[in-house]
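Enquirer: Let me give you the structure first, and then I'll get to my questions.
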Amino acid sequence: MRMTGDSPLWAKHNVEGTTNPPLTQDIKTDIVIVGGGTTGALTAHYFMKQGMSCVLVEKDKIANQSTAASTAILQYEVDTGLNRLMSLVGEQQAQQTFLFNYQAVMEMSQIVKEINSNCDFAFRPCFLYTQDPRKVDYMADDCKSRQAIGINCELFTSETHQDEFSFNFEAGIYSHYGAAIINPVQFTRDLIEYNIKKGLQVFENTTITDYNLSSTQSVLTTDAGFTITANQVIICTGYDALEWFKHEKPFYTLSRSFAILTKPVEKFHGWKEECIIRDDQEPYTYIRPTLSNSIIIGGEDLAVDNLDGEVANMGDRHPLALQQYHQLLRRIRHMFPEIENIKTDCWFHGLFVDTNDGLPFIGKHPDYPGAYFNLGYGSNGMLYSLIGAKLISQDVAGKNPKELEIFKFNRY
Ligand SMILES: Cc1cc2nc3c(=O)[nH]c(=O)nc-3n(C[C@H](O)[C@H](O)[C@H](O)COP(=O)(O)OP(=O)(O)OC[C@H]3O[C@@H](n4cnc5c(N)ncnc54)[C@H](O)[C@@H]3O)c2cc1C
């Protein structure tokens, strides 16, 4: 199965980062983090803050897998609307999840400042809209539920706000805060560099091939035969981590999501405040600007039903992929007819894991009590990673955060 197409967006649009050597000896550490994407980097950051000795191991290069193919929208609202999430997981847990994500956007901005990262982080409002007149009441109710927990949002309807957008909608929730855009590869590299200066040890081109897990001390073996002995093991291997759960009934669905980056446009006509935009279709379309005046539009997901099939293994120029990119281009031109000359700069795609409730899996799995998992599945992957990093590091420090309950394995 292929994680991404041939050339994920951010891998192409970033100058090569510094490289770190592979592991060439046996070592010991407090914490070993497996996986060098955004999740591994954030997890290392939170543990380093606690003054623990940390090792991060990456089988490839830093931030070269899903992190490089992300459209990198940071958004407090999760795939499942607040009211629906309340009916799935309970009122308190759903509200907590929305607030966690809201705070995580703020926390992300603080980390960007702290590490002085040049990762094009920028706050943006976000707009979730529907074109279905039957869903207007649903939007209005969800908006009220969000306002009730302190989210600064308002209901836009076609009567009140149609003139702010060039595409038609019946209603939508416009959130003034709680969303941002970022360059995920630059952020991840900067975060790792920052922590290397504080003592984090990073080994690239080092694959963990064997895990001898124990709740007191675990031993991990690399492809070159060296060992890492650690008090705690944190698995941040993204979609590769699904291997661990092959023996159980899948608790997730797999799809491939497509995206294009346009060439810079002159003006964002018909696009209020260059906000982040998402519709309520299944699969949904998501749109964001970049700081260099380009547009990223993603969606047109295809289900991955067969791991040996075409969708699971396609490259960038597969006819089916080309069809999805063209559909995205048509869609953006249709939504913004007043923006002149919308042309594709590059396209990319990546594997996407969804969970039944749209929430991630964070914490220990009953079959593997010797390891923590930080698996930010769902479209809020990056914020979930931050939430996971925070909760897991608190748990290791003995604070037993009760919020881990929300994201535990086997919850449905
Ligand atoms: C098209 C697309 C659009 C997306 N849009 C968004 C978005 O707008 N917002 C958002 O928040 N999220 C989005 N996501 C999801 C987001 O990309 C991921 O949630 C996030 O990047 C996950 O980061 P990660 O570090 O967990 O995974 P990865 O970046 O995949 O990192 C995991 C790392 O683990 C390494 N690894 C695996 N096995 C081993 C091993 N045995 N030993 C050592 N290393 C190992 C891999 O090489 C890899 O580098 C999108 C994803 C796609 C595909």
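Enquirer: Filter Lys144/Lys272; Lys135/Lys263; Lys197/Lys267 down to the pairs with a C-alpha to C-alpha distance above 32 Å, please.
Expert: As for pairs spanning more than 32 Å Cα to Cα, those are Lys135/Lys263; Lys197/Lys267.
Enquirer: Provide Rg over Rh for segment 242-386; use the alpha carbon set for both Rg and the Kirkwood Rh (inverse mean inverse pair distance).
Expert: 1.04
Enquirer: Quick check on my link table: of Lys113/Lys390; Lys49/Lys408; Lys249/Lys364; Lys59/Lys113, which ones sit more than 20 Å apart, alpha carbon to alpha carbon?
Expert: Table pairs above 20 Å Cα-Cα are Lys49/Lys408; Lys59/Lys113.
Enquirer: What percent of all Cα-Cα pairs in segment 1-152 falls in each 10 Å bin, counting up from 0?
Expert: Calculated over all Cα pairs of segment 1-152, the distribution is 8, 28, 30, 23, 9, 2, 0 percent.
Enquirer: In segment 124-202, with Lys and Arg counted as +1 and Asp and Glu as -1 at Cβ, which of these residues, Ala140, Ser166, Leu200, has the Cα nearest the positive end of the dipole, that is, farthest along it?
Expert: Checking the options against the dipole of segment 124-202, the answer is Leu200.
Enquirer: Can I ask one more? List the GluC sites (Glu not before Pro) within segment 12-82 that fall in a DSSP loop (any state other than H, G, I, E or B) and whose Cβ has at most 12 other Cβ atoms within 10 Å.
Expert: Glu16
Enquirer: From the P(r) of segment 80-173, can you give the percent of Cα pairs sitting at distances over 20 Å?
Expert: In whole percent, the long-distance tail amounts to 48.
Enquirer: Which whole-number percent is the relative contact order of the chain (Cα, under 8 Å, 6+ apart)?
Expert: Relative contact order, the chain: 24 percent.
Enquirer: Please report, largest first and rounded to whole Å, the three semi-axes of the ellipsoid equivalent to segment 144-196, where each semi-axis is the square root of five times an eigenvalue of the C-alpha gyration tensor.
Expert: After scaling each eigenvalue by five and taking roots: 35, 16, 6 Å.
Enquirer: Still on this structure, I have one more. Just want the ordering: Ser385, Ser292, from fewest to most Cβ atoms lying within 10 Å of their own Cβ.
Expert: Lowest count first: Ser292, Ser385.
Enquirer: Then there is this: Please report, largest first and rounded to whole Å, the three semi-axes of the ellipsoid equivalent to segment 111-216, where each semi-axis is the square root of five times an eigenvalue of the C-alpha gyration tensor.
Expert: Those come to 42, 19, 14 Å.
Enquirer: Right, here's the next one. Taking neighbour counts of Cβ atoms within 10 Å as a proxy for exposure, in what order, fewest first, do His318, His247, His349 appear?
Expert: His247, His318, His349
Enquirer: Can I ask one more? Running Debye on segment 345-412 with equal point scatterers at the Cα sites and no solvent, what base-10 log of I(q)/I(0) appears at q = 0.12, 0.19, 0.26 Å⁻¹?
Expert: Summing over Cα pairs of segment 345-412 leads to -0.34, -0.73, -1.21.
Enquirer: Something else: Taking the alpha-carbon centroid of each part, what is the distance from segment 235-298 to segment 36-64 in angstrom?
Expert: Segment 235-298 and segment 36-64 have Cα centres spaced 23 Å from each other.
Enquirer: Also, quick follow-up: I'd like the antiparallel share, as a percent to the nearest 5, of DSSP beta bridges with both residues in the chain.
Expert: 70 percent
Enquirer: Another one. Which one of Lys113, Lys249, Lys61 has the biggest mean-square fluctuation once the chain is modelled by GNM with Cα springs under 10 Å?
Expert: Highest fluctuation among the options: Lys249.
Enquirer: Segment 1-52: which trypsin sites (Lys or Arg not before Pro) are DSSP loop and have at most 16 other beta-carbon atoms within 10 angstrom?
Expert: In loop regions of segment 1-52 (DSSP not H, G, I, E or B), the sparsely surrounded trypsin sites (Lys or Arg not before Pro) are Arg2.
Enquirer: Would you compute, from DSSP H runs of 4+ residues alone, the mean residue ellipticity of the chain at 222 nm, taking -39500 (n - 2.57) per run and dividing by the full residue count, rounded to the nearest 500?
Expert: Computed mean residue ellipticity for the chain: -9000 deg cm²/dmol.
Enquirer: Can you sort Trp347, Trp244, Trp10 from fewest to most other Cβ atoms within 10 Å of each residue's own Cβ?
Expert: Taking fewest neighbouring Cβ atoms as first place, the list is Trp244, Trp347, Trp10.
Enquirer: Which trypsin sites (Lys or Arg not before Pro) in segment 174-267 pass both tests, a DSSP loop state and at most 15 other beta-carbon atoms within 10 Å?
Expert: Lys198, Lys246, Lys267
Enquirer: To the nearest 10 degrees, how steep is helix 38-49 against the longest Cα principal axis of the chain, on a 0 to 90 scale?
Expert: 60 degrees
Enquirer: Under the Kirkwood approximation for Rh and a Cα-based Rg, what ratio Rg/Rh is obtained for segment 261-315?
Expert: 1.12
Enquirer: Starting from a Cα-only point model with no solvent, please compute log10 I(q)/I(0) by Debye for segment 173-247 at q = 0.19, 0.21, 0.26 1/Å.
Expert: The Debye formula, applied to the Cα set alone, gives -1.03, -1.14, -1.30.
Enquirer: If you don't mind, there's one more thing I want to ask. May I ask for the angle, rounded to the nearest 10°, between helix 319-335 and the longest principal axis of the chain, with both axes built from Cα atoms and the value confined to 0 to 90°?
Expert: 50 degrees
Enquirer: Which one of Leu56, Leu320, Leu128 has the biggest mean-square fluctuation once the chain is modelled by GNM with Cα springs under 10 Å?
Expert: Leu320
Enquirer: Quick check: from the Cα gyration tensor, does the chain come out rounded (a/c under 1.5), prolate or oblate?
Expert: Verdict is prolate for the chain.
Enquirer: Consider just the alpha-carbon atoms of segment 142-273 and return their Rg together with their Dmax, both in angstrom.
Expert: Cα radius of gyration and Dmax of segment 142-273 are 23.3, 66 Å respectively.
Enquirer: So, one more: Compute the whole-percent fraction of alpha carbon pairs in segment 205-271 spaced more than 17 Å apart.
Expert: Across segment 205-271, Cα pairs with separations above 17 Å total 65 percent.
Enquirer: Another question, then. Output the 0 to 90 degree angle, nearest 10, between the alpha-carbon long axis of helix 184-197 and the longest principal axis computed from the alpha carbons of the chain.
Expert: 30 degrees
Values quoted throughout were computed directly from the atomic coordinates according to the rules given, and no laboratory measurement underlies them. Owing to the predicted nature of the structure, the values given are computational and were not obtained by experimental measurement. FYI the Cβ positions are ideal-geometry reconstructions off the backbone, even for glycines, and counts take in every protein chain you see.
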